[in-house]
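The values are calculated or read from the model by the stated rules, or taken from the named source; none is laboratory data. Quick caveat, the model's predicted, so the values are computed rather than measured. Here Cβ is always computed from backbone atoms with ideal geometry, including for glycine, and neighbour counts include all displayed protein chains. For accessibility, only protein heavy atoms count, side chains too; no ligands or nucleic acids. Shrake-Rupley method; radii C 1.70, N 1.55, O 1.52, S 1.80 Å.
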Amino acid sequence: VKTVYRFYTVPLVTRILANGVSPPSVMITGEDADQVPSQISLIGGPFINTKSLVCRFNQNASSDQPAIFITATMITCPICRTHVVSKENGKTRCFPLGATDGSVDFYQAMKWLPNDDPRFVTVAFSMNARDFHMADEPLRIYGSPHHLQVIGRKTVEKDSHGSVQNQKSMTFGTIHMQISDINGFVMGNDVGEGGTRGFSVKITMNASVSPRSSSAAELESGFEGVTDRGSLALTPRFSQPLTRGDYYLILSLHDCTRGIDSCINMPGITTQVITVFPGAAAQILVRPGYVSANDQKSGWSADGIIKAAALSVELGSIFVDILDGGSNQVGDLDRSLHTIHVVSTTSQTKFNGILGADMLEERVSGAGLYGTTVVNSLNGKAIFSDLKLVNQEPTGMRYPGSASTLTFGMPSQGFYRLQFYAEMRGPHEDAYALSVSKLEIIPGQARYLNVSNYADLIIVCDSSEEVVTTTITLNIFDGGNNKLTKDEEHRTVNVLPHGQPALHVYGTISQTDNVGAAEWRFPAYSFSLGCRTIGLYGLEFSSPAISPSVQVVRMVSGTRGYQWRAIHLVSTTDLPSAPLVQIGNFRLEVLDGGGNQLFANDRYNIYSDADVSREVMCFSATASLTGTIRAHTERVGYVEFSNLLIVRPIIGAHVIRCIEQKVTVYRTPELIFQSSDDGFAPLLETAITVHIVAGERAKLHAHVLADASKATAEYSLSLGNINVSTFRKYASMDDHVPLDTLRVLPMDAGGNPLSGKLPSFNVSTTDVVHAPKKGSSRIMVRDPIGGDEAIVRTFFSYPSILLEAVNEQAHGIY
């Protein structure tokens, strides 16, 4: 047998196409993304057109498919055996795909593949079906849709996270995705089991590993869509700007071509991590440097300030941070200078403010905000270090006789809002930002007392002591003018006179707060005041360690007479005694209980609508009175005495009392009340005192200065106005006068001994023993104490010549 050998050049494959596309790739089903059976083209050569031309995949003989010679540089071969699945349109697919009886998986892999998850297979060809030549380029095998592959993310040109004025949301930019198999091979295959194209894609955020503040941010748009030939671009937008940090987005793929209720979730899930950095300055945030955690209330923000009321409340340091739109502190990344302002506001909106409805009305009541209210930021932060709330101190005064009124400031207790605002510099030029810090003023320490529902206390002085007929309630206030409702000190409040002249206070003058209610009540009729003349007086309610409260008392004239008052119209002191001594004019006036003269307004008892006339009688227990001792007020409220005399008064003080005898009430019919009537109500009586002194010499009075055994041995000689010759007439009826130890005194008309020098003789109160003398002898005075014993005679001769001559001034000589 003759053998023929043919030799040819070994062909090479320089390029492989799958359905005309390079690099070559086919699905595990042998089809492309359009469910068209793939045709593999080998380019290279030289190829020989033989009947044994064949292609082999994965070095598996079961994959052999007859090749078609195209040219010496290209051959083609199918990758699978095909069959017609639709006679209507002639659709052809790899066998056995397309079966409708459910016996074939939608993505049933070619049997010759090395495993369920192939990536690449080799491609070989043979021109004699025996000798195979391996191509250098492998054939990529991609599996069924498994997950989404992010192939690019386009961000906006300007990294802005919004401002308080317009940017209310945030996006990461557009995310480009493509369907991928389990090995990460992207594909255009998105034909679902429903027979139509387009897989559903949904983006969610993994809040458990993203920044905590992200839980408040929601994806409001751009977070779901349907692929087009396996690709999709989404621009997810969040409901608000995000804080700095790493955000984990979950990209999930679903085959919903059979219906929204029959979606098939692809097993792979893609997590896209996006880092957010601080952006441009867009807003501010206030952070108080002091928060009292113990006093925080339910629902009270953690950055709220709680302070006890005082006259001046220091707020401490307050920090204002510059933030971007996502509330991220920009810190030293912000090189702009921002001017921060702060005002104290209410919760009411100020529609005409620079921020429109975002601004609040400035507070005009309560404590005022003082300190540095404008601060420039530095490195993204501004510090307010001396802010304080100052309450109004009490102004004016409450003092008897003062025309001023004591005014207290408005209560400071309650909620305040400190509104900080600034014009942002930088990308958000002309944009305003604001932040509000909540502040509560709670009751502070007790500082002062005050009478509740204050009004001047009016006392009508119908008697000398009048009860207070209204209840006086006192409350205690802190330095912020807030009325306290609790006081654990259980203080005692005392009522005392205030100012001069001082009132007299009687009754219950202290009250103790035993229950700690910070209130003290002085009930009506619990204490009384001594009445004084018409005018303003003061009561002081005080307790240790707190400022007292003054109650002004207005004393007004009484409605009826209460007492008499005597007024001397001329002096009644040092009136010389005489047979009749005129006292001098004096007036009796009708007064009320406070000592105010009533004049024609004098009224009797309950008869407040009728004039009265009072009859008064004056008398003295130590002197006899004559002249006008009775008088009537005659509706004018007073009476004057001008002809009242004392008969022969002795030296000393004489009290003249004046009492009512009768009262006439001028009404119809006229009423008369006598002092003898039951229930007669006279005014309190009055009296005047008259001082009598020695009068003119009217007589001599002589009496015996006997020894102790002669207690009754006394007699008097009424000599009248005498001289030496008349003395001889009455006292010396002859030359011998019986004589004991005598004292001779001059007397005035009232019988009052006189002292001093007499015209013709001296008088001595020194006991003198007169010895008998004869002829021209003189009567000598001899002091009995320590002197010689006197010779006592029962008579002596008293020559008239001698007596008339004794008028010398020398001591001891008569």
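Nonpolar atom fraction for the stretch 607-699, defined as the carbon and sulfur part of the 1.4 Å probe accessible area, stands at 48 percent.
Label-to-label distance for Met410 and Thr275 is 5.3 nm, based on points extended 7 Å past Cα in the beta-carbon direction. Using the 1.4 Å probe convention, the accessible area of the stretch 454-537 works out to 49 Å² per residue with neighbouring protein chains retained.
Dividing the convex hull volume of the alpha carbon atoms of the stretch 312-411 by its residue count gives 134 Å³ per residue. Taking the protein heavy atoms of the stretch 448-515 in the context of the full set of protein chains, the accessible area attributed to carbon and sulfur is 48 percent at 1.4 Å. Here the simple spin-label model places points 7 Å from the Cα toward Cβ, and for Tyr248 and Val374 these points are separated by 5.0 nm. Could you tally the net charge around Pro24, taking each other residue with its Cβ under 12 Å from the Cβ of Pro24, Lys/Arg +1 and Asp/Glu -1? Once positives and negatives cancel, what remains is 0. Backbone geometry of the stretch 527-541 corresponds, through the Karplus equation with coefficients 6.51, -1.76 and 1.60 at θ = phi - 60°, to 3J(HN,Hα) couplings of 8, 9, 10, x, 6, 9, 5, 3, x, 9, 10, x, 10, 10, 9 Hz, x marking Gly and Pro. Label the stretch 365-505 by shape, choosing from rounded, prolate and oblate, from the square roots a ≥ b ≥ c of the eigenvalues of the Cα gyration tensor; if a/c is under 1.5 it is rounded, and otherwise prolate applies when a/b is larger than b/c, oblate when it is not. Prolate is the answer for the stretch 365-505, as a/c is 1.5 or above and a/b outweighs b/c. Rolling a 1.4 Å probe over the heavy atoms of the protein chains gives the stretch 209-282 an accessible area of 50 Å² per residue. Remark: for residue pairs Lys307/Lys438; Lys307/Lys483; Lys91/Lys111, the C-alpha separation exceeds 18 Å in Lys91/Lys111.
For Asp116 and Lys2, what does the FRET efficiency come to when R0 = 30 Å and r is the distance between their Cβ atoms, rounded to the nearest 0.05? With R0 = 30 Å, the Cβ-Cβ based efficiency is 0.05. Equivalent ellipsoid of the stretch 1-141: semi-axes from √(5λ) of the C-alpha gyration tensor, largest first, are 29, 16, 14 Å. Across the stretch 169-265, counting alpha-carbon atoms alone, Rg and Dmax equal 14.8, 44 Å.
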